[in-house]
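J.: Just passing along the structure, written as C-alpha cells.
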Amino acid sequence: MSWFTDVILPIPLANTFTYEITEEQASLLKPGFRVAVPFGKNKVYTGLVYKVHQIQPERYEAKPVDQILDDTPLVTGQQLRHWEWISEYYMCTLGEVFRAAIPPALLLESETLVVRRDDYSGNESALKDDEWLVYEALQHQSVLKVQEVSSIIDRKHVLPVLKRLIDKGVIHVQEEVYEQYKPKLVRYIRLKKEYEADEVLAGLLDELGRAPKQKEALLHLFQLSAGGALVTVKKLKEASGINSSVIKTLIDKEILEDYHLKQDRIQHEGQEEKDSKQLNPYQEKALVSIREQFEEKDVVLLHGVTASGKTEVYVKLIEEALERGEQVLYLLPEIALTTQLISRLKDYFGEKVGVYHSRYSVNERVEIWGHILDAGEKARVVLGARSAMLLPFSNLGLVIVDEEHEVSFKQFDPAPRYHARDAAIVLGMQHGAKVLLGSATPSLETYYNAGTGKYGLAEITRRHGDVLMPDIELVDIKDKYRKKRMQGHFSDRLLEEMQECLEEKGQIILFQNRRGFAPILECNTCGHAPQCPNCDVSLTYHKYKNQLRCHYCGYHMAMQLSCLACGSSETDTKGFGTEQVEVELKELFPDHQIGRMDSDTTRGKHGHEKIITKFEQREFDILIGTQMVTKGLDFANVKLVGVLQADSLLNYPDFRAHERTYQLLQQVAGRAGRSKERGKVIIQTYDPLHQILQQTSMNQYHDMVGDQLNERRLFHYPPFYRLIKIVFRGRDYNRVNEGSEWYAKGLRNSFKGTGVEVLGPEFPPVSRIRNQYHKHIIVKIPQKAGLKQVKARLKKIGNSYEAIANFRNVRIIFNVDNY
Ligand code: ADP
Ligand code: ZN
Ligand code: ZN
C-alpha cells in the first residue's frame, strides 16, 4: 500500500493537494510539517502537511514530495483547527489562511534559475545581441538567477529573451527552493575547559607574561564573565581595546574558544519589571465583576469610558493568566499599536511581551513565531494587530481585544477576509480561554450581545483620578461663515480656545479626516478637475510634494499650473486635508511649533514613534492628524481637541457611518484632559443639530445605541441580519455588468421565499480602481435562514458562474460579515 499526504499550498485553489510519500517519510511526517512540493509545470511550493493517509487519489496521479523541511511541526493542530474555521466561515481556502498566517520568510520562495544546456551546438552568430549576452555569461557560470539575467541585459522584462533562448535550445529553466530565513548568530568567547582550574590558570597567566596583550585580553574576559555571564567577542574587544588578531592568536593556541548563539532581533534592555498599579475602586469593581462573569461566560465586554484605565485592568488579568502559566493574546488595531502601549506593557512584563507587527521585519516575526511555538517564557504575552491571532498558541488562557469596535479588525483584501475580533473569540473557545473585549464605545454588535446575555458586561463610567469627561462643544460653521467669523478653516470659537490653551502651556490635537492639501483641484473656467487615469476619483493635491496623487492606486503627476482641458491658469481647490490645516496653522500661530501625523509623515518602521515622542516631549504644541491621532494615545498635557469638520464622516455611504462617527469623535475627544483638569473639545460642523453629533456632545452612548439598533432592526442590518457582500471585479465593464446580473438572478431564484434578501448588483461610490471595475451584491440573511446553507448555495451558484467562459475574467469575491 502506498502512502500519501494532503498538503495545504499557499494558493487560492483547493483546500488541499495530495502527494505521494515513501513509507519512511510517512513515519516522519505529521500535520504541521512543511514540505517542498512540485506544482504545475515547473513550480515548487512550500506546503503544509495536513494529513497522512493511504487513500489513492482518484482523478490524478500523485506526484512525490520533493523534500521535508522541518523536523518538528511548525504549525500546531489547534492552529489548523482554527484555520479551518476561518476558511469555512469566511469562504476562502485553507491555503489563503496559511499564506496570511505564516511569516513570508518561512514560506520558501521558489525562484527560477536559468541553466546552460551543454548539448547546445547551434551557431553563436545566429543569436541576437541580448541573447548573446546571456549565452556569454553562461559560459562562465552554468547557472544564473532571473535577477542576474535582468542586470546582464539591463532590462526588467527578461522573459521574452529567455523564451527565445529556450526555443533555440541554449538554456533550460529550473526552480530552486531556498531557505530565506537565517537566524542572526552572535559570536561568543570563553576560556577552554582545560584552563578553568585555578592553578592551571595561574600558570597560564605566568606563561603569558611575555605577551602582555594576550594577558590583558584574558584578564578582561575574567572580569566580564564574573558571575557566569556570557561574553561576546564584540564586548571583549570593546572592554579591552584589544583587536581581533590577539583574540585569534588565543584561539589558535587553544586557550580560548569561540561559539555562536542565536540572537533575537527584538531585544529588550534587561531592566527590572515594574509592579503594576494599584487599581482605583471603579477599576477594582470592574475587575472583580469580570472575574466573576468569566466563571460562567467565555466572553466579557469591558465598557469603560476613555481614560478610565482599561489597560490597567487588562494588566491585572494578564498577571493572573501568567501565574497560571498560560499564554495571553492582546489584540489591537494596527494604528493603536504604539510604542506608548508597548513600553507600558514591557515595563510590567519585560521579556514576556512579544510584539507581532506588520512593520517589523520578516525575521523578527519568525522569531516571535518560534517563541510562541516553544511556549516558553518569551512572548508569553503576544501584543499584535489582527494577524497575531494566527500564531501557534498551544496554551492560550486569555485573549484581550482592545478597541474592539475598530473596523480595521476586519481584513479587507486579500483573503482571508476575517474579522479579528470574531475569529479571536472562536480561537479563545477552541483553547478554552477567556476573552475580554474592551472599548469606550463598543460596537453595536458587541453591545447587543452583551445586552442579550450572550456576553458578560462590566463597566467603568469614570475616568481615572475622577477627571471629568471632556466638555464637548459643537460649532456651527455655516453660521460662522455667514457672519465672517472664520479664518481659513478655523472658527473664532476654536481659535479662542486654542489661544487660551496655548497661554496655559497646554497642548492641542486637531483632527481632519483627509490627508494632502485638497482632495479636488478645479478649473475656474471650465470646471475640469484632474482625475486618476486608473481609478474613478479626483487626484488629491499634495502641496509639499507639489504633486497630484491618487489615494487608491498611488498614481501621481506633477502639479499642473494650468488647466489640462482648457489651458486656463485659474484653478481653485475644493475641500481640505491635513496639509492645508498645517499651512493655515503656521500662519495663525507663527510662534508655535506644529506637527502633522498622517500616512504621508509616518512612513517607515519608526515613523509614528518619532512624531509621538516629539509631541510627548513637547517639541511641538499642536498636532494635526488623520484617524491616527484618535487611537489609544495617552498624552497628559493635551487640554484641547479640535475637529475641523465632522460632516464628511456622517455622510459616508455606509450603514455604519453614524455609529462610526460617534465612535471616532468620542475617541478623539477622549484624548483631551486625561490626567488632571477637564479637557475641552470643539467639533466644527455644518449640521450641529444632527442627532449623532448631539449624542456625541452629551456622551449619550446608550441613546445612540438604542436609536441605531432600531434602525438596524427596521432596515435589516446586523446584528439582526448577517451580511455577505459579493464583489465582481474585472477590467471589462460589460462583462462585470453581465456577470453580476447573471449571478444576482441566480441568487434571487434560489432564495425565493426563504427570507434571504438580495440587493444589487450596484456600483460602489468608487467603481473603478486600478482599471478594474467593481460591482457589488449584498445578501442579507435573517437568523432563521441558516448561514451555512446560504453559503453553500452562494458557492454552488459561484461554481456554475466560474464554468461560464464569458465570465472568466470577472473575479468573484465573497466578503462575509462585510464591514
Ligand atoms: P483607557 O485605556 O481606558 O483609555 P488608560 O489605561 O490609558 O485608559 O489610563 C489612562 C491614564 O490613567 C494612563 O496614563 C494610566 O497610566 C493612568 N491610570 C489608569 N489607572 C491607573 C491607576 N489605577 N493608578 C495610576 N494611574 C492610572
Ligand atoms: Zn479649464
Ligand atoms: Zn488611481
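Taken together, the values in this text are just the output of simple stated rules run on the coordinates, not laboratory data. These figures come from a predicted structure and were not determined experimentally. Don't worry about glycine lacking a Cβ; one is built from the backbone with ideal geometry, like all the others, and counts go over all protein chains shown.
J.: Once you have a ≥ b ≥ c as the square roots of the Cα gyration tensor eigenvalues for the stretch 753-819, tell me rounded if a/c is under 1.5, and otherwise prolate or oblate according to whether a/b is larger than b/c.
T.: oblate
J.: Could you tell me which residue out of TYR348, VAL288, ALA785 lies farthest along the dipole of the chain toward its positive end? Charges go on the beta carbon: Lys and Arg +1, Asp and Glu -1, centred on the Cα centre.
T.: ALA785
J.: Then there is this: How would you rank 724-730, 324-330, highest first, on the average number of other Cβ atoms within 10 Å across their residues?
T.: Peptide ranking by packing, descending: 724-730, 324-330.
J.: Given the chain, what percent of its DSSP beta bridges are antiparallel, to the nearest 5?
T.: Counting DSSP beta bridges with both partners in the chain, the antiparallel share is about 60 percent.
J.: Amide H of ARG462 versus every other amide H placed in the peptide plane: which residues, excluding those fewer than 5 positions away on the same chain, fall under 5 Å?
T.: Excluding prolines and chain starts, which carry no amide H, the hits are VAL305.
J.: Using only the alpha carbons, work out the radius of gyration and Dmax of the stretch 110-178 in angstrom.
T.: When restricted to Cα atoms, the stretch 110-178 yields Rg and Dmax of 11.1, 36 Å.
J.: Test of understanding: ordering MET498, MET559, MET469 by Cβ neighbours within 10 Å, fewest first, what list do you get?
T.: MET559, MET469, MET498
J.: Let me ask you something else. Based only on the alpha carbon positions, what is the Kirkwood hydrodynamic radius of the stretch 651-760, in angstrom?
T.: Result for the stretch 651-760 stands at 17.6 Å.
J.: Now for a separate question. Under the rule of -39500 (n - 2.57) per DSSP H run of 4 or more residues, summed and divided by the residues of the chain, what mean residue ellipticity at 222 nm is obtained, to the nearest 500 deg cm²/dmol?
T.: Computed ellipticity for the chain at 222 nm equals -10500 deg cm²/dmol.
J.: If you project the alpha carbons of the stretch 281-465 onto the principal axes, what extent comes out on each, in Å, largest first?
T.: 42, 35, 30
J.: Share of antiparallel DSSP beta bridges in the stretch 3-108, in percent to the nearest 5?
T.: Roughly 95 percent of the DSSP beta bridges within the stretch 3-108 come out antiparallel.
J.: Just to confirm a number: summing +1 for Lys and Arg and -1 for Asp and Glu over residues other than GLU323 whose beta-carbon lies under 15 angstrom from that of GLU323, what do you get?
T.: Every neighbour counted, the sum reads 0.
J.: Over the Cα atoms of the stretch 383-504, what radius of gyration and what Dmax do you get, in Å?
T.: Every Cα atom of the stretch 383-504 included, Rg and Dmax give 21.4, 65 Å.
J.: Using a 10 Å cut-off around each Cβ, can you sort TYR455, TYR448 from fewest to most neighbouring Cβ atoms?
T.: With the fewest neighbours first, TYR455, TYR448 line up as TYR448, TYR455.
J.: Rounded to whole Hz and in sequence order, give me ³J(HN,Hα) for the stretch 561-577 from the Karplus expression 6.51 cos²θ - 1.76 cosθ + 1.60, θ = phi - 60°, writing x for Gly and Pro.
T.: 7, 10, 4, 6, 8, 10, x, 4, 9, 9, 10, 10, 9, 10, x, 8, x
J.: Would you mind putting 297-307, 68-78, 615-625 in packing order, based on average other-beta-carbon counts within 10 Å, highest first?
T.: The densest-packed peptide leads the list: 297-307, 615-625, 68-78.
J.: When 1/r is averaged over all different Cα pairs and the result inverted, which Kirkwood radius in Å belongs to the stretch 310-377?
T.: Value: 12.9 Å, from the Cα pair sum.
J.: Multiply the residue gap between ASP536 and SER562 by 0.36 nm, knock off their C-alpha separation, and tell me the result in nm, one decimal place.
T.: Stretched out fully, the ASP536 to SER562 stretch lengthens by 7.2 nm.
J.: Further question on the same structure: Taking all pairs of distinct Cα atoms, average 1/r, flip it, and tell me the Kirkwood hydrodynamic radius of the stretch 193-254 in Å to one decimal place.
T.: This gives a value of 12.0 Å.
J.: How long are the semi-axes of the ellipsoid equivalent to the stretch 518-575, from square roots of 5 times the Cα gyration tensor eigenvalues, in whole Å, largest first?
T.: Working from the Cα gyration tensor, I get semi-axes of 17, 12, 10 Å.
J.: Net charge near GLN223, counting Lys/Arg +1 and Asp/Glu -1 over other residues with Cβ under 15 Å of its Cβ?
T.: Computed value for this residue: +2.
J.: Here's something else I'd like to know. Among ASN513, GLN547, GLN499, whose Cα lies farthest out toward the positive end of the dipole of the stretch 489-550, if unit charges sit on the beta carbon of Lys, Arg (+1) and Asp, Glu (-1)?
T.: GLN547
J.: Okay, next question. Could you tell me which residue out of LEU250, HIS774, GLN695 lies farthest along the dipole of the chain toward its positive end? Charges go on the beta carbon: Lys and Arg +1, Asp and Glu -1, centred on the Cα centre.
T.: HIS774
J.: Now, a different point. What size of dipole, in debye to the nearest 20, comes out for the chain about its Cα centre when the only charges are +1 on Lys and Arg C-beta atoms and -1 on Asp and Glu C-beta atoms?
T.: 2060 debye
J.: Return SER343, SER225 ranked ascending by Cβ neighbour count within 10 Å, so the fewest neighbours appear first.
T.: In increasing order of surrounding Cβ atoms, one gets SER343, SER225.
J.: Quick check: convex hull over the Cα atoms of the stretch 3-108, volume per residue in Å³, rounded to an integer?
T.: Each residue corresponds to 101 Å³ of Cα convex hull volume.
J.: Cα convex hull of the chain: mean projected area in nm², to one decimal?
T.: Answer in nm², one decimal: 47.3.
J.: Out of residues 5 or more away from HIS528 or on other chains, whose amide H comes under 5 Å of its own, with H placed 1.01 Å from N in the peptide plane?
T.: Those lying under 5 Å, H to H, from HIS528 are CYS523.
J.: Report, to two decimal places, the Cα Rg of the stretch 686-819 normalised by 2.2 N^0.38 Å (N = number of residues).
T.: Expressed relative to 2.2 N^0.38 Å, the Cα Rg reads 1.27.
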